[in-house]
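Participant: For reference, the structure I am asking about is given below.
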Amino acid sequence: MSYAKVKQNQSSNEDAYKTTVARIERIHSQLANAPRGLRLKDKVCIITGVGSMKGIGRAAAIRFAHEGAKHLYLLDYDPTNLPNLEATIVEKYPDVKVTTLQADAADEKAISGLCNRALREEGRLDVFFANAGVPTRDHLDDISAENFMNTMRVNTLSCFLAIKYASLAMRKTDPSRGKETSGGSIILTASTAGLRSGAGPVDYSASKAAVNSLAQTSTYQLQKTDIRINSICPGLIETGMTTVTFEYARQRGTAGKIGQLNPLRRFGIPEEIANAAVFLASDDSSYVNGQNIAVDGGLSASLPVVPGKWA
Ligand SMILES: NC(=O)c1ccc[n+]([C@@H]2O[C@H](COP(=O)([O-])OP(=O)(O)OC[C@H]3O[C@@H](n4cnc5c(N)ncnc54)[C@H](O)[C@@H]3O)[C@@H](O)[C@H]2O)c1
């Protein structure tokens, strides 16, 4: 490649990155100035995987509070940042009850216990956002059977347990506490890696494909309960899980290349996934059921393209 061409590519990368940063600033500012909503008013919600300062779970907890959730039960395996999350929500949204818990999202006792606790304390469970997950990095040759099963345990079993125990709780009625009929919304965080190949290692992708299947098949097991189950398939989002990739690219001066494979030509932020979770948690999505919803800038909509050739 000629020197002129290399320079031109570098500056177009820099321009792409500046455009992305400006777009993300506008999204942050819109969210910061959005008036308080009522979309989750009176809803009792559980969210898992909330412990990362830059994660989807934390962003969702704050968005759920902004939309007036009644009580948020927030769970993470790592307790480090739970007090900060609780304090952040309580300070900004004093009307929202917050309970934080250190537990493994794939521990059956912890998940059944938490669903029962919501029933005991609030008489209802309306939303379970099963978001906890772990990334993996290894090539097929290096994934041991043990590591494969651990990925399935954290990423998939956690979603199965959420569906099993949340749906039991959501079927319980308690008219004395305003729960007249069965119903609720269960949201699972899958991934574009669970829709197509090419977005993650085989164990991670298989675990997320299984999550997508759980969303589709469980809805049929829960017919006539008014319990909806959907999965969200994020594309590339800057979170704790992807920090290393982003930092590495910034250090090398190639940050402008991140997210260039999707038609929006940028990466996403946790709040954009949290907004999809709010929609699915709320009655706005009352007829959306059994779907795997990609929130990925359009990445999974396309066959491989040569950027610039057709578009
Ligand atoms: N970031 C992305 O680009 C991306 C893309 C597709 C899907 N996802 C999925 O989004 C979800 C959230 O991840 P994130 O990107 O916010 O990453 P993150 O690392 O910032 O947050 C994940 C959180 O899950 C917690 N966690 C991990 N294992 C747990 C367990 N067994 N029990 C309880 N908590 C546990 C971690 O402690 C962490 O706080 C995950 O399921 C992930 O697979 C992320």
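Participant: Scan (1) at pLDDT 95 or above; (2) surrounded by fewer than 23 Cβ atoms within 10 Å (Cβ to Cβ) for the single condition T254 breaks and write down its number.
Facilitator: T254 satisfies every listed condition except (1).
Participant: Take the residues of the stretch 174-202 that are within 13 Å of the ligand (Cβ to nearest atom) and among the hydrophobic types (A, V, I, L, M, F, W, C): which is modelled with the lowest pLDDT?
Facilitator: A199
Participant: Another question, if that's okay. Within the stretch 94-128, track down each residue that is closer than 19 Å to I56 by Cα and part of a loop (DSSP other than H, G, I, E, B).
Facilitator: Within the stretch 94-128, A103, D104, A105, A106 meet the criteria.
Participant: For residues in the stretch 237-256 being part of a loop (DSSP other than H, G, I, E, B) and touching a helix residue (DSSP H, G or I) at 6+ places or on another chain (Cβ under 7 Å), which is nearest to the ligand (Cβ to nearest atom)?
Facilitator: The extreme case among them is T239.
Participant: Pick out the one residue from S213, S205, S218 that is away from the ligand (no atom under 14 Å from the Cβ) and without any contact (Cβ under 8 Å) to a residue 40 or more places away in the chain.
Facilitator: Sole residue among the options that is away from the ligand (no atom under 14 Å from the Cβ) and without any contact (Cβ under 8 Å) to a residue 40 or more places away in the chain: S213.
Participant: Is it the case that some residue within the stretch 137-155 is within 15 Å of the chain's Cα centre (by Cα) and at pLDDT 95 or above?
Facilitator: yes
Participant: Still on this structure, please answer the following. Regarding V244, is this residue surrounded by fewer than 14 Cβ atoms within 10 Å (Cβ to Cβ) and aliphatic (A, V, I, L, M)?
Facilitator: In short, yes.
Participant: Does N150 fit the bill of being out of contact with any Lys or Arg (no Cβ under 8 Å at 6 or more places or on another chain), over 15 Å from G49 (Cβ atoms) and near the ligand (Cβ under 10 Å from one of its atoms)?
Facilitator: Taking the combined requirement at face value, the residue satisfies it.
Participant: Another question about this same structure. Given R171, R153, R137, which one is of a type in the set (K, R), without any contact (Cβ under 8 Å) to a residue 60 or more places away in the chain and either out of contact with any strand residue (DSSP E or B) (no Cβ under 8 Å at 6 or more places or on another chain) or within 30 Å of G297 (Cβ to Cβ) (or both)?
Facilitator: Unique residue meeting the criteria: R153.
Participant: Is it true that G268 is more than 16 Å from the chain's Cα centre (by Cα) and within 30 Å of E14 (Cα to Cα)?
Facilitator: no
Participant: Right, here's the next one. Quick check on N155: is it assigned to a helix (DSSP H, G or I), among the polar types (S, T, N, Q) and surrounded by fewer than 24 Cβ atoms within 10 Å (Cβ to Cβ)?
Facilitator: no
Participant: Only one residue in A22, A65, A60, A34 is away from the ligand (no atom under 15 Å from the Cβ) and touching a strand residue (DSSP E or B) at 6+ places or on another chain (Cβ under 7 Å). Which one?
Facilitator: A65
Participant: Of the residues that make up the stretch 288-297, is at least one in contact with a Gly (Cβ under 6 Å, 6 or more places away or on another chain) and modelled with pLDDT of 90 or more?
Facilitator: yes
The values are calculated or read from the model by the stated rules, or taken from the named source; none is laboratory data. As the structure is a prediction and not an experimental result, all values here were calculated from the model. Neighbour counts run over all protein chains shown; Cβ positions are idealised from the backbone, glycine included.
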